[in-house]
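The values are calculated or read from the model by the stated rules, or taken from the named source; none is laboratory data. Predicted model only: the values in this text are computed from it and were never measured. Note: ideal-geometry Cβ built from the backbone for every residue, glycine included; neighbour counts use all protein chains shown.
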Amino acid sequence: MVSKNIVKLIKSLSLKKYREKEGLFLVEGNKMVTEALCSNYKVAKIIATHEFLLTTKTDTSYAVEIIEASQEEIRKASLLKNPQNSMALCEIPENENIPENINNGLTLYLDGIQDPGNLGTIIRTCDWFNIGFILCSPDTADIYSPKVVQASMGSIFRTKLFYIPAWQVLKKESFKNVHIFGAFPDGNNIYTEYLPENTIMFVGNEGNGIRKEVEPFINKRIMIPCFKNNGSAESLNVAVAAGIICSEFKRRFSYDSYSK
């Protein structure tokens with residue numbers, strides 16, 4: 001049975017201040033709960049139907065507490081319009097240090113990405129392209145927002161994300177020999193530009209782009225060309241643009257490795 005206090009706790013986790021206060025974030029959906037149980041995250045509570053607990057092939061004993069609930073109870077507690085048979089409360093891990101070396105060829109720096117759906121999709125994309133960690137400005141959307149978690153489709157459990165001001169990244173000694181690229185409307189064509197390994201790629205805010213104080217530190221400005229001759233197409237969604245950038249960088253790295 002799901003108590004009123006548990007329902008109240010779950011609902012409160014839609015707000016960052018309560019996530020920080022409780023040290024918890026919400027995971028909803030059978031696939032997502034399974035992903036959480038298979039990850040290094042500590043699962044504080046699982047709230048699930050008898051059917052889910054009976055049929056899941058994942059070991060639920062990793063959860064500190066298991067609460068069996070009816071579908072109706074889950075519906076009342078859920079933040080989703082169409083919840084499934086399970087949800088989990090996971091502990092927010094303590095802050096980790098940023099890796100000293102970039103060893104996967106490309107790192108994204110998200111400069112003020114505001115939309116949770118965009119952030120979740122970018123996390124999912126980075127997981128697909130095996131980009132081990134993402135750097136974010138402090139004003140980027142919160143990774144533990146329910147909408148970000150949901151949009152990541154489980155990739156949040158496999159991708160490290162660090163919030164750090166751009167100036168701290170740019171002054172790190174271990175990043176001195178790293179190429180600093182940025183996505184700009186007036187940049188060079190990404191399909192014809194040389195794309196080196198060990199690159200930090202800055203991607204800017206949905207409306208304002210990369211902030212002005214960062215621009216002087218960008219070594220190379222690149223853009224994704226529009227192939228519509230009259231230029232009437234709208235600008236690309238930032239998550240889509242990030243996906244294209246990741247794909248092109250990884251394609252080049254793979255081709256260079258193959259050609260050697």
Original post:
Under 9 Å by Cβ, and 6 or more places apart or on different chains, what pairs join a residue from the stretch 230-251 that is in the same structural domain as ILE190 (by TED's automatic domain parsing) and in a helix (DSSP H, G or I) with one that is at pLDDT below 95 and of a type in the set (Asp, Glu)?
Top reply: VAL238/GLU206; PHE249/GLU197
Original post:
Can you name the residue in the stretch 96-113 that is assigned to a loop (DSSP other than H, G, I, E, B) and of a type in the set (A, V, I, L, M) and, of all such residues, is farthest from LEU9 (Cα to Cα)?
Top reply: ILE102
Subject >> Residues located in the stretch 57-75, provided they are under 27 Å from the mean Cα position of the chain (by Cα) and more than 16 Å from ALA36 (Cα to Cα) >> reply: ILE74, ARG75
**OP:** Please find, among ASP111, ASP127, the residue that is at pLDDT 95 or above and either more than 20 Å from VAL27 (Cβ to Cβ) or of a type in the set (S, T, N, Q) (or both).
**Re:** ASP111
Original post:
Tally time: how many residues in the stretch 114-136 are under 10 Å from the mean Cα position of the chain (by Cα) and either assigned to a helix (DSSP H, G or I) or free of Cβ contacts under 8 Å to residues at least 12 places away in the same chain (or both)?
Top reply: 12
**OP:** Examine the stretch 118-130 for a residue that is on the phi > 0 side of the Ramachandran plot and touching a helix residue (DSSP H, G or I) at 6+ places or on another chain (Cβ under 7 Å), and state whether such a residue exists.
**Re:** no
Original post:
Residues in the stretch 5-27: is at least one of a type in the set (Gly, Ala, Ser), over 28 Å from TYR163 (Cα atoms) and either surrounded by 20 or more Cβ atoms within 10 Å (Cβ to Cβ) or modelled with pLDDT of 95 or more (or both)?
Top reply: no
**OP:** Test ILE47 against the criterion of being touching a residue at least 40 places away in the same chain (Cβ under 8 Å), among the β-branched types (Val, Ile, Thr) and over 30 Å from ASN177 (Cβ atoms), and give yes or no.
**Re:** yes
Subject >> Pick from the stretch 217-260, criterion of a type in the set (Asp, Glu) and exposed (fewer than 15 other Cβ atoms within 10 Å of the Cβ), ranking: modelled with the highest pLDDT >> reply: GLU234
**OP:** Could you list all residues from the stretch 1-15 that are without any contact (Cβ under 8 Å) to a residue 12 or more places away in the chain and either closer than 10 Å to LEU26 by Cα or in a helix (DSSP H, G or I) (or both)?
**Re:** LYS4, ASN5, LYS8, SER12
**OP:** Look through ASP139, ASP186 and report the one residue that is not in a loop (DSSP other than H, G, I, E, B) and not assigned by TED's automatic domain parsing to the domain that holds LYS31.
**Re:** ASP186
Original post:
Counting only residues that are in a loop (DSSP other than H, G, I, E, B) and touching a Lys or Arg at 6+ places or on another chain (Cβ under 7 Å), which one in the stretch 80-95 is modelled with the highest pLDDT?
Top reply: ILE92
Original post:
Is there a residue being touching a residue at least 60 places away in the same chain (Cβ under 8 Å) and on the phi < 0 side of the Ramachandran plot anywhere in the stretch 50-62?
Top reply: no
